[in-house]
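Right, one structure below, let's go through it.
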Amino acid sequence: REKDDKYKTWMPKFLLAKEDKDQRKSSDYAERKIFKVKKSNAEKSKKMEKEEKFFRETFMYDKEIKVINTATAECSVPSKRRVDLPLTAGEQLDVIDVTAGSAVICRNSEGRYGYVLVEHLNFR
């Protein structure tokens, strides 16, 4: 037995069983993927904070931002002004506030805020 331990054959890593390699590779890949997701979420939240800051300055909105209702855009509408929110048909919007006219303040999935006419929205 001592001789067997003494003359133990050395196996390089590339000769290991394929299953072991795949297992190591998948665990490393999973860890890397987790970190990428966190990075993109951080970038997205930073962008949304920037949009919210712009919204508060432009609209002079000092109230708490609460979602009153959700709506779906019925048709695509380009924005004519910076304060108008461009729409694409079928897009989900969060209604933030109701104005005196026929417009409401909405937020899209990208975090942009703007006025949308009620006639372009479908409430559920």
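Readers should treat all values here as calculations from the given coordinates under stated rules, not as data from a laboratory. These numbers were taken from a predicted model, which means no experiment stands behind them. Cβ: placed from backbone, ideal geometry, glycine included. Neighbour counts: every protein chain shown.
Things to note:
- Among the lysines of region 40-123, pairs that are 8 or more positions apart or on different chains and have alpha carbons within less than 20 Å of each other number 8.
- For Asp97, the residues whose modelled amide H falls within less than 5 Å of its own, excluding neighbours fewer than 5 places apart on the same chain, are Ile105.
- From phi via Karplus (6.51, -1.76, 1.60), per-residue ³J(HN,Hα) for region 75-85 in Hz, x at Gly/Pro: 9, 7, 9, x, 8, 8, 10, 5, 7, 7, 9
- 16 Å tail of the calculated P(r), region 81-124, as % of Cα pairs: 26
- Annotation: for a label point projected 7 angstrom from Cα along Cα→Cβ of Ala89, residues of region 106-124 with backbone N closer than 15 Å are 120-122.
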